[in-house]
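Take a look at the structure set out below.
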Amino acid sequence: MNIRSSRLLASAAALAVAGGLTLANAGQALAAPPTYAPDSNSNGVLTLTDGSGNVILSGSTSASPMTAYYVGSAVSHTTGTDNLATVYLCTPQDGVNSANWPCDPISGSTDYSSVPAGVALPAGKPFATGSAGDDSVATAVANATSTSTLNPNVYQLRLATSGPGGNSVNSKQHFDEADILVSGSTWTLVYPAGTDATTTTVSANPPSPDTSNTAVNVTFTATVTPATAITATGPIGTVEFFNGATQIGTTQLISSPTPYTAAITVSEPSPSDSSVTAKFVPYSGTTLEASTTAAALPYHVGPPNTSTTTSLTVNQDGFAGDTVSYNASVAIPAGAVCAGTVSFFDNTTTQINTTPVPVSTGAAPCTAPFSNSFTAGVAASHSITAVFTPPAGSTTLSTSTSTPPVTFNQTVKPADCASAGATGSGSCTDTQNIQGTIPAGTLVISTPYTSTNALNLGTLNLDPTGTYFTGTATFGEGTPQHDIFITDTRAGDLAWTAQAEASSLTDSPTPDANGTINGENVGLTNLAEVAVTGNGFNTASSNVTTFSNPAAAPPVSPTDTNLAGLGNAAHDIAQAKQGFGSVGLTGLLTLNAPSSTEAGTFTGTITFTVVGSLV
């Protein structure tokens, strides 16, 4: 008997756009470059970035400034000392040397001789800073209508440097170049084309943890890996190392050839715990994107605190081939956060989850749910343990194993009564389906005998004490009224006993505590027999006895192991001293659920069994 409950959940998706800019995606391909690119008058390329050094590929034509930084790959002059950089928007003209194209400045002049504190820009490269009040692309385009038929709606961005020994304005020759395509209210970069994602990882030597009682010199190494192979000579960018939000060591240069690595050596005091990340910032002129280590590398110096305890609960119905649900709970030291994985073992050595299950993240309680099924039709004994493994380098968490093992036996599931009846003094088992719905704020349950013929328990309401939900439905709403129907065709008019057992109900294959309803909270009461016309069954009151199994009220917790309701064992519901023929039973099905039960779709079973004797 399956029981289901469901709640409508609201979901929301948000798209964050800052300044109308689009960050580069991994390996993103751009539109075809203009016919004149690269410009014969340019020294190098111009890269547009946001305030964090991420490459920008498109944006709004009305944004002012267009972007946070414009970073060139080369200064304009080979002699003199340039220290200022200005950005211009120029209009290409077919058949005209680019030195004679009309250009308008869209930024002020920036002194690029030093990089502002806290800004990740390549050292030694010219850059201009976008500022409020700069001309937008739309304003500059309105002042310079394109006359190019080969490259319609394409405009060139130039970063030109100036200073002592150079022209005061040098937008005509020797500049760093980028080209954009304007379409409606959006501009899109078309040269230089494409970007390549990078991945940055960090390692430590000696590895963590180091149990020294004195300070330790540790070398942290960052490795930068492009998603695709690149062709580059010389420096490709810089790497900064951080402990939390604080930079450690000095900014390091990464150069070709591969491998692209950078390292710093720092002194780690004892005791101490560090959380080290590395950030790669590419030089303009490459196609690489910035990247930061996906996860911090924990580093501990000093004696470790490694106390954890793992416990395990198992929910199963005793039949081989049916779903078995496990939930491991890991107790961690005060102040630690949940991390690591859990593996489940049968009979100590056989791992039943191929991939270790990550524990829940954040603060305790730390849990790891899992479910599986053992081979159907094969009776076996099982002894389950859960083994917790902390993440690599952890010093606040240690390995622990649940004790004692959770043991249980599984038998071959009997054939249901629809396909095979009991013979002699044997028994017959029938598993029926029911379902229930728990919407947001209310509790509604129905109990169908099949998935298309539901018995509706109506809307579950809080009981008068306001401490739990409860709902009922009557077996026997059909015609004829015999939802529990027993037929005995054995010779000898023998005795029989009818029994029922409810499993726990869960809202998923891997439920948490509030996603489980104990089978003791399912009850069957007010049973009455319904005679079948023309049948030989002896319905005398002295022959048939019915039993009430009221649901636990108030309902019990998911871990309770007592025998209230129909939970945790087969419960007698009716007996007949002489059972030849057929009889129906009607009764009242009750489901109670703690008020802490979460919304969701709950599923469980009620197994009805008829045994050929009085038990």
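The values are calculated or read from the model by the stated rules, or taken from the named source; none is laboratory data. All values reported here derive from a predicted model rather than from experimental measurement. Note that we place each Cβ from the backbone using ideal geometry, even for glycine, and neighbour counts take in every protein chain shown. Ligands, DNA and RNA are excluded from the accessible area calculation, which covers all protein heavy atoms including side chains. Shrake-Rupley method; radii C 1.70, N 1.55, O 1.52, S 1.80 Å.
The requirement of being of a type in the set (Asp, Glu) and open to solvent by 10 Å² or more (accessible area, probe 1.4 Å) is fulfilled nowhere in the stretch 517-528; no residue meets it.
Of the residues making up the stretch 239-261, those that are under 32 Å from the mean Cα position of the chain (by Cα) and part of a strand (DSSP E or B) are Val239, Glu240, Phe241, Phe242, Asn243, Thr246, Gln247, Ile248, Tyr260, Thr261.
If you check every pair at least six apart or on different chains, which have Cβ atoms under 6 Å apart with a residue in the stretch 489-507 that is at pLDDT 80 or above first and a residue that is aromatic (Phe, Trp, Tyr) and open to solvent by 10 Å² or more (accessible area, probe 1.4 Å) second? Matching pairs, first to second residue: Ala500/Phe608.
Within the stretch 585-605, the set of residues being surrounded by fewer than 22 Cβ atoms within 10 Å (Cβ to Cβ) and of a type outside the set (Ser, Thr, Tyr) comprises Leu588, Pro594, Glu598, Ala599, Gly600. Among residues of the stretch 372-399 that are farther than 17 Å from Thr355 by Cα, those with a beta-carbon under 8 Å from a residue that is of a type in the set (A, V, I, L, M) and open to solvent by 50 Å² or more (accessible area, probe 1.4 Å) at least six positions away or on a different chain give the pairs Gly377/Val412; Val378/Val412; Ala379/Val412. Taking strands (runs of 3 or more DSSP E) as the structural unit, those lying wholly within the stretch 264-343 and holding at least 2 residues that are without any contact (Cβ under 8 Å) to a residue 40 or more places away in the chain and either hydroxyl-bearing (Ser, Thr, Tyr) or crowded, with 16+ Cβ neighbours inside 10 Å (or both) correspond to 272-282. Summed over the stretch 109-122, the residues that are in contact with a strand residue (DSSP E or B) (Cβ under 7 Å, 6 or more places away or on another chain) and surrounded by 13 or more Cβ atoms within 10 Å (Cβ to Cβ) give a count of 6. Gly393 falls short on exactly one of the conditions (1) at pLDDT 90 or above; (2) at positive phi, and that condition is (1). Exactly one residue out of Ala204, Ala128, Ala123, Ala178 is under 30 Å from Ser274 (Cβ atoms) and modelled with pLDDT of 90 or more: that is Ala204.
Considered as a group, the residues in the stretch 456-479 that are in contact with an Asp or Glu (Cβ under 9 Å, 6 or more places away or on another chain) and open to solvent by less than 70 Å² (accessible area, probe 1.4 Å) include one that is modelled with the lowest pLDDT, and that residue is Gly476.
As for the stretch 225-238, it holds no residue that is closer than 30 Å to Asn213 by Cβ and touching a Gly at 6+ places or on another chain (Cβ under 7 Å). Scanning the stretch 245-263 for residues that are within 17 Å of Leu121 (Cβ to Cβ) and surrounded by fewer than 20 Cβ atoms within 10 Å (Cβ to Cβ) yields Gln247, Thr250, Thr251, Gln252, Leu253. The strands (runs of 3 or more DSSP E) located wholly in the stretch 36-89 that include 1 or more residues which are touching a helix residue (DSSP H, G or I) at 6+ places or on another chain (Cβ under 9 Å) and either open to solvent by 10 Å² or more (accessible area, probe 1.4 Å) or closer than 18 Å to Leu181 by Cβ (or both) occupy 42-49, 56-60.
Of all residue pairs spaced 6 or more apart or on separate chains, those with beta-carbon atoms under 6 Å, a first member in the stretch 143-172 that is under 11 Å from Thr91 (Cα atoms) and in a strand (DSSP E or B) and a second member that is modelled with pLDDT of 85 or more and small (Gly, Ala, Ser) are Leu157/Ala178.
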